[in-house]
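Just so you know, all these numbers are worked out from the coordinates, no wet-lab data involved. All values derive from a computational prediction rather than experimental measurement.
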Amino acid sequence: MAEEACALAKDSPISPQKARLMANEIRGLPVNRAIAVLALSPKKSARLIEKVLKSAIANAEQNHGLDVDELIVASIQVDAGSTLKRFRPKGMGRMRKRFHHHSHISLAVCERA
């Protein structure tokens, strides 16, 4: 098994369902192509995943001495983080719950085999 470099972002302010849409787009791509896909996407999750990807690339270069041009996105996983429960006033003295979902984004890169 090739050596992997990982990066993790905890409690990113986006729902896991929305973040997984972008995660599925870049899984298995070379890192330079993955950065291009994320940079051209207008989604909020693309900005958050791009930060994690750049961190994993820096970890691979600094800590493991891997060649940046040969890296691919080995795995990316988006898990549910904490959910903040808030209340909003509604008509006739009632309240409604509002949920602020958060995600944990973990990404690993490795050299092409």
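How many angstrom lie between the Cα centre of the range 1-22 and the Cα centre of the range 72-107?
About 15 Å separates the Cα centre of the range 1-22 from the one of the range 72-107.
Check which residues have an amide H placed less than 5 Å from LEU66's amide H, if you skip close sequence neighbours.
Amide H neighbours of LEU66, under 5 Å, 5+ apart: GLU61.
Find the lysine pairs in the range 4-111 meeting two conditions, Cα atoms under 22 Å apart and a separation of 8 or more places or different chains, and report how many there are.
Pairs that pass both the separation and distance tests number 17.
Read phi for every residue in the range 41-55 and hand back ³J(HN,Hα) as whole Hz from Karplus 6.51 cos²θ - 1.76 cosθ + 1.60, θ = phi - 60°, with x for Gly and Pro.
So the J values, rounded to whole Hz, are 8, x, 6, 5, 5, 5, 5, 5, 5, 4, 4, 5, 5, 5, 5.
Please state the relative contact order of the range 4-111 as a whole percent: Cα pairs under 8 Å, 6+ residues apart?
Computed value for the range 4-111: 43 percent relative contact order.
Of the listed values (i) 16.1; (ii) 8.8; (iii) 7.8, grab the one calculated as mean projected area of the Cα convex hull in nm² from the structure here.
(iii)
What does the C-alpha gyration tensor say about the overall shape of the range 1-50? Classify as rounded when a/c is under 1.5, otherwise prolate if a/b is larger than b/c, or oblate.
Oblate shape, in that a/c is at least 1.5 and b/c is the bigger or equal ratio.
Roughly how tilted is helix 16-26, in degrees to the nearest 10 and between 0 and 90, from the longest Cα axis of the chain?
Roughly 20 degrees, rounded to the nearest 10.
Let me have the 222 nm mean residue ellipticity of the chain computed from DSSP H runs of 4+ only, each contributing -39500 (n - 2.57), with the sum over all residues rounded to the nearest 500.
Value at 222 nm, helices only, nearest 500: -11500 deg cm²/dmol.
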